[in-house]
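Novice: Let me begin by handing over the structure; questions about it come next.
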Amino acid sequence: MSHVFGRGGAGLPTAVRGEGCYLYDSTGKAYLDGSGGAAVSCLGHSDPEIRAAIHAQLDQLAFAHTGFFTSEPAERLADLLIANAPEGIDKVYLLSGGSEAIEAALKLARQYFLEIGQRDRHRVIARRQSYHGNTLGALAAGGNAWRREKYAPLLVETSHIAPCFAYRERAEGESLADYGQRAANELEAEIERLGPETVMAFIAEPVVGATAGAVPAVEGYFTRIREICDRHGVLLILDEVMCGMGRTGSFFACEQEGVAPDIVTIAKGLGAGYAPVGAMLCSGAIYNAILNGSGSFQHGHTYHGHPLSAAAGHAVVSAILERGLIARVGTRGAQLETALQDAFGQHPHVGDLRGRGLFRGVELVADRDSKRAFDPGRKLHAKVKAAAMEEGLICYPAGGTVDGRHGDHILLAPPFIIEDAQIEELVGKLARAVDRAIAS
């Protein structure tokens, strides 16, 4: 019997090695990593350059507490990120993962308003069907009803407006442009309801990941969101933990929206699975308000800015940029989109195929015409995951797509190095898994 406190009671295969786009268990079975774990393994497994960078750093310096030292790997990674960051973003706070990055972003937003004398600003507005992490502050900000339910009494109050989810939320006959403006205007209505002087931040994923399955905003939505935030002095926090670092076809996902945030969070693809690392990036204006005020951000973790993780992050970002992998994401993403359309475009139980780059979602429905979801009691997403593992495919299905209870989708986020034949393998195995799960 295992003494590991796992995610569930069921036994899991033991991963023993990885190579390229595949993981192998202790029996020798190969699994095509069609979701990069949870959109993490963007470079695949066992990349020799990343391994070498980690080994070299370990031989030189493993740890130095950031209360006493900075480190060369942290400085190099911060420089590289800022050189490729959205306009106005100037500082990097290195952490161990996405939830930590969100917590840091929320605390920074609050301290910023204290520093500039706007003490009443403390409210956060987010969106339903969003996910921002598992720690209590991040969970409160997120709009994933299932994940929040058990811990609701512990969560700070957060307002949640409608997502920009055209497949589910756009009215019949409504243009995409009109829908996007209507969805964005919910933010202004909520700010005015709460009182603009009390709202500190709006947080959103540019492309929604785990909760709804690769849902991009319609064109113009985030432009309007940026305008509303500016009008009311509200900080815009963009959560790119899952959709950033090239995953959607640009280094930062918000580049495709034509907006720059005040704070942006990254993780997952930043370390590509080779080390636990995340980051919170902020504007120079926010940083300077603290520097010229109290002088320090009242926040910190033992392992933030860890040299070994920073070295891994620098090697990963360098590889993404120097190997032309962002352009490859565009090419391979288009091929994956075509393959999914060929396999599922007319499938009687696939309602929507969506996403950008190598970040793709497949929404399963009981009826295509009405968009009616399957009975949640069937736990179809869990059956798809199990059937896919039997096929030798790792994908990321989830339930509650529609409202936190109803709906099933599958998230795909394969490594950027995926080849043509592996795209065909991925889609073929997924098609078999979906059909088996629905028939069961």
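Novice: Among (1) more than 21 Å from the chain's Cα centre (by Cα); (2) outside any loop (DSSP other than H, G, I, E, B), which single condition is ARG119 missing?
Specialist: Looking at each condition in turn, ARG119 falls short on (2).
Novice: Also, I was wondering about something else. GLY67 fails exactly one of the following numbered conditions: (1) in contact (Cβ under 8 Å) with a residue 12 or more places away in the chain; (2) surrounded by 12 or more Cβ atoms within 10 Å (Cβ to Cβ). What is the number of that condition?
Specialist: (2)
Novice: All but one of (1) touching a helix residue (DSSP H, G or I) at 6+ places or on another chain (Cβ under 6 Å); (2) among the aliphatic types (A, V, I, L, M); (3) open to solvent by 40 Å² or more (accessible area, probe 1.4 Å) hold for ALA387; state the number of the condition that does not hold.
Specialist: So the condition that ALA387 fails would be (3).
Novice: So which residues in the range 291-302 are more than 28 Å from the chain's Cα centre (by Cα) and either in a helix (DSSP H, G or I) or polar (S, T, N, Q) (or both), if there are any at all?
Specialist: Across the range 291-302, the qualifying residues are LEU291, ASN292, SER294, SER296.
Novice: Ok, one more. Any idea how many residues of the range 85-113 are open to solvent by 20 Å² or more (accessible area, probe 1.4 Å), farther than 17 Å from CYS254 by Cα and either assigned to a loop (DSSP other than H, G, I, E, B) or free of Cβ contacts under 8 Å to residues at least 24 places away in the same chain (or both)?
Specialist: So the count comes out to 1.
Novice: So, in the range 395-425, how many residues would count as being closer than 30 Å to ALA145 by Cβ and either open to solvent by less than 30 Å² (accessible area, probe 1.4 Å) or among the small types (Gly, Ala, Ser) (or both)?
Specialist: The total comes to 15.
Novice: Still on this structure, I have one more. Select from the range 206-237 the residues that are out of contact with any helix residue (DSSP H, G or I) (no Cβ under 6 Å at 6 or more places or on another chain) and at positive phi and write down the one among them that is surrounded by the fewest Cβ atoms within 10 Å (Cβ to Cβ).
Specialist: GLY233
Novice: Still on this structure: Among the numbered criteria (1) of a type in the set (Phe, Trp, Tyr); (2) open to solvent by 10 Å² or more (accessible area, probe 1.4 Å); (3) touching a Cys at 6+ places or on another chain (Cβ under 9 Å), which one does TRP146 miss?
Specialist: For TRP146, the exception is condition (3).
Novice: Taking PRO73 as meeting all but one of (1) part of a helix (DSSP H, G or I); (2) more than 21 Å from LEU430 (Cα to Cα); (3) open to solvent by 30 Å² or more (accessible area, probe 1.4 Å); (4) touching a residue at least 40 places away in the same chain (Cβ under 8 Å), write down the number of the exception.
Specialist: In the conditions (1) part of a helix (DSSP H, G or I); (2) more than 21 Å from LEU430 (Cα to Cα); (3) open to solvent by 30 Å² or more (accessible area, probe 1.4 Å); (4) touching a residue at least 40 places away in the same chain (Cβ under 8 Å), PRO73 misses (3) alone.
The values are calculated or read from the model by the stated rules, or taken from the named source; none is laboratory data. What you see is a predicted model, and the numbers here were worked out from it, not measured in a lab. FYI the Cβ positions are ideal-geometry reconstructions off the backbone, even for glycines, and counts take in every protein chain you see. All accessible areas refer to the heavy atoms of the entire protein, side chains included, with ligands and DNA or RNA removed. Shrake-Rupley method; radii C 1.70, N 1.55, O 1.52, S 1.80 Å.
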